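Report on the following structure.
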Amino acid sequence: MGIEYLQIESKDTRYAYATGRLRGLEVYLLKEGDFVRLKEAADAGEILQVLSKMPLYSDSMKGIEREEDFEKGLEEELKRTYRQLRSFCPEPDLVDLFWLEYDFHNLKVLFKIRFQKNLAETAASELEKNLSPSGTQNIEILKRAVLSEDFSDLSPDLKSIVQESFSSIAKSPHPQIIDSLLDKKLFKYLVLKLAKYSDPFLEELIRRQIDYFNITAFLRVKFWGMEDTRGFLEKILMDEGTVDKKKLLELANQPANSLREVLQATDYGKAIDEALREWENEHSFFSLDRFFEEYILSYTKRGFYVTFGREPLVNYIFLKKREIKVLRGILRGKLARLSEDKMEKYLPSVQ
């Protein structure tokens, strides 16, 4: 046990009952060995059968008969988790804040449908399949807000965010710009709402998430090759991270390697070094995403050592989200492999 855990102090006794419930749920989180066994399964169908026999997934996977419908089961599990946590959390609004990412994911999809004028009807239909029912807002309400500009059923906060987004996105409706602008709005909103809890744990958590956003956004924009890199970064980067926004803007027109030099002595130095090598070889930032996921989890895992506080709740939320993300990756991989096998079956043999 690290010394940092021994120094944790938390006296929010409202969470005594909630922590007891969470300790019971933690037992059912999938372990590394579980993921290994699922990866070794013959196909997606076998994985779904295994999940349907697990206590927490049995109801969520109950109606899934086709392998291709596994996403519905995972989304149902996210919704089930959300409802369950809200039912015993003394601050259900805090649970809502950690589920807002699914609402903003849906807004990204809907804004892309709305503003990509050359998008064929079939392509729009396919894009709409990416909408997630796991958010705090009803999808039909979000559709009316973005596609018909009917904001009447949105909450006041979300109404303001959606209305403000229209003018910015209408000027620059590129998918990457839509994603970046809405990500910034999400984090701005979270910073504002989490500040009301006056909780150092939550404040440090959002700073780490903003660092993740700022650094990955900086690198993607740099390699995207925009005409006005600095101008766009000025619009999307946030001030509330531990990495100074001004420092990042000063690097906007310098080689990408300069970021590695400036952040070499920070927690992010080695991860950026690896990310730049990965981009050069594979045009991917997978390693950077993986680093920040583990970096943030290493922080939330102090929830295992706290009884009276928000830490156990937040830790469980992050672990559960990662679990579903890993399951989604495994199942998609199985289906992709199946599709490749089917294609090879019907390809003419080469003599």
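The values are calculated or read from the model by the stated rules, or taken from the named source; none is laboratory data. Nothing here was measured: the structure is a model prediction, and the numbers come from that model. Note: ideal-geometry Cβ built from the backbone for every residue, glycine included; neighbour counts use all protein chains shown.
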Test result for T216, outside any helix (DSSP H, G or I) and in the same structural domain as E203 (by TED's automatic domain parsing)
no
State whether one or more residues within region 242-265 are of a type outside the set (G, A, S), under 29 Å from L147 (Cα atoms) and surrounded by 20 or more Cβ atoms within 10 Å (Cβ to Cβ).
no
Any residue in region 179-199 that is acidic (D, E) sitting within a Cβ distance under 9 Å of a residue that is not in a helix (DSSP H, G or I)? List the pairs, counting only those 6 or more apart or interchain.
D199/D12; D199/G309; D199/R310
As an exercise: evaluate T216 against (1) crowded, with 20+ Cβ neighbours inside 10 Å; (2) β-branched (V, I, T); (3) under 17 Å from F285 (Cβ atoms) and give the number of the one condition it does not meet.
(1)
List the residue pairs whose Cβ atoms are under 7 Å apart, where the first residue sits in region 90-110 and is in contact (Cβ under 8 Å) with a residue 24 or more places away in the chain, the second is among the hydroxyl-bearing types (S, T, Y) and surrounded by fewer than 20 Cβ atoms within 10 Å (Cβ to Cβ), and the two are 6 or more positions apart or on different chains.
D96/T136; W99/T136; L100/T136; Y102/S132; D103/T136; H105/S132; N106/S132
Take the residues in region 296-351 that are of a type in the set (D, E, K, R) and at pLDDT below 85, then tell me which one is nearest to E75 (Cα to Cα).
R337
